[in-house]
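Trainee: Starting off with a structure, shown below.
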Amino acid sequence: MEAMTRRIGITNQKGGVSKTTNTINVAGALAAAGVDVLAVDMDPQGYLTHRLGFEDEYTSDPPSLYDALQSPADHDVDDLVVAHEEFDLLPANIDMFHLEQDLIASGMRPRLRLKKVLESATAWDVVLIDAPPSLGPLNDNVVLATEELLVPVEADESSQLALNHLLRQLDTLEDNYDTHIDILGLIVSNVAYPLDNEQRAAIDWFNERFKGRVAVWTVRSRAAIKRAVKDQGSVFAEDAEETDMTDVYAQIAAEIIDE
């Protein structure tokens, strides 16, 4: 890994595409490869925080990620991070439900707050950010703080529509903030085998949409993945059940490490 910390957003405004599950397992794959990882929960619902077993942090008193986003100069990321057995976590907080309104009301570069907060997050090789399932200031914060994205999707028509909406939003952010945003790959989640016609057509569409320039990984629906998350970890955790999908997540991690 290069000395500079990589920041990667995991985003899709469509719910139900296993964003949080993929965040946990990509983080676990990177950690298993010897990479120091910080996972950041930017979803006000706090699914990543809850799934990893940090419910108390979600309802804790200040300071929290909410406070850091309100006033980045007054908070150090190191003081907000908690240790998971596989990687570190910057947990969400219940106060984040009114964060979008608060950021917009402040009028002070509301879409660049997370980027400012993460300037001090230099102790990790990779920062993975679980974005909220909506387009808006919080999602824009994730995109602009990372400029590199993994996009979880499902093999259906609604995910194709959602991807097109996301790409239009990325174009707008690139124009408005004079930046370039890379999509590292799509993670097609919860795929059942054998493929039905809709799934096959959707996966073909994802590949054709980027004309081979963007990796498309397929993660099959596996009970072992669900059980690992229920046990508050990834499929790479020491006591996790074996599954062939570790190979897919290891490929994603290798793509990140080798770039």
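Quick note: the coordinates plus some simple rules give every number you see, no bench work behind them. As the structure is a prediction and not an experimental result, all values here were calculated from the model. Here the Cβ is made from the backbone with ideal geometry for all residues, glycine too, and neighbour counts use every protein chain on show.
Trainee: Name the residues in region 103-144 that are closer than 16 Å to Pro72 by Cβ and of a type in the set (Ser, Thr, Tyr), would you?
Mentor: Ser106, Ser120, Thr122
Trainee: Which members of region 105-135 meet the condition of being part of a loop (DSSP other than H, G, I, E, B), among the aliphatic types (A, V, I, L, M) and touching a Lys or Arg at 6+ places or on another chain (Cβ under 9 Å)?
Mentor: Ala121, Ala131
Trainee: Six or more apart or on different chains, Cβ under 8 Å: which pairs go from a residue in region 41-69 that's farther than 22 Å from Ile8 by Cα to one that's of a type in the set (A, V, I, L, M, F, W, C) and in a helix (DSSP H, G or I)? Could you list them?
Mentor: Final answer for the pair search is Tyr58/Ile94; Thr59/Ile94.
Trainee: Being more than 21 Å from the chain's Cα centre (by Cα), part of a helix (DSSP H, G or I) and of a type in the set (D, E, K, R) is the filter here; which residues of region 198-232 pass it?
Mentor: Glu198, Arg200, Asp204, Glu208, Arg209
Trainee: Looking at (1) touching a residue at least 12 places away in the same chain (Cβ under 8 Å); (2) surrounded by fewer than 20 Cβ atoms within 10 Å (Cβ to Cβ); (3) of a type in the set (S, T, N, Q), can you tell me which one Thr146 breaks?
Mentor: Just one mismatch for Thr146, condition (2).
Trainee: Counting just the residues of region 154-179 that are assigned to a loop (DSSP other than H, G, I, E, B) and either in contact with a helix residue (DSSP H, G or I) (Cβ under 6 Å, 6 or more places away or on another chain) or of a type in the set (Phe, Trp, Tyr) (or both), which one comes out nearest to Glu255 (Cα to Cα)?
Mentor: Looking at the filtered set, the residue picked out is Ala155.
Trainee: Oh, and also: Just need a number here: residues in region 233-259 that are assigned to a loop (DSSP other than H, G, I, E, B), surrounded by fewer than 17 Cβ atoms within 10 Å (Cβ to Cβ) and hydrophobic (A, V, I, L, M, F, W, C).
Mentor: Going through region 233-259 one residue at a time, the tally reaches 0.
Trainee: Restricting to region 212-225, name every residue that is in contact (Cβ under 8 Å) with a residue 40 or more places away in the chain and over 24 Å from Glu148 (Cα atoms).
Mentor: Hit for region 212-225 is Ile225, nothing else.
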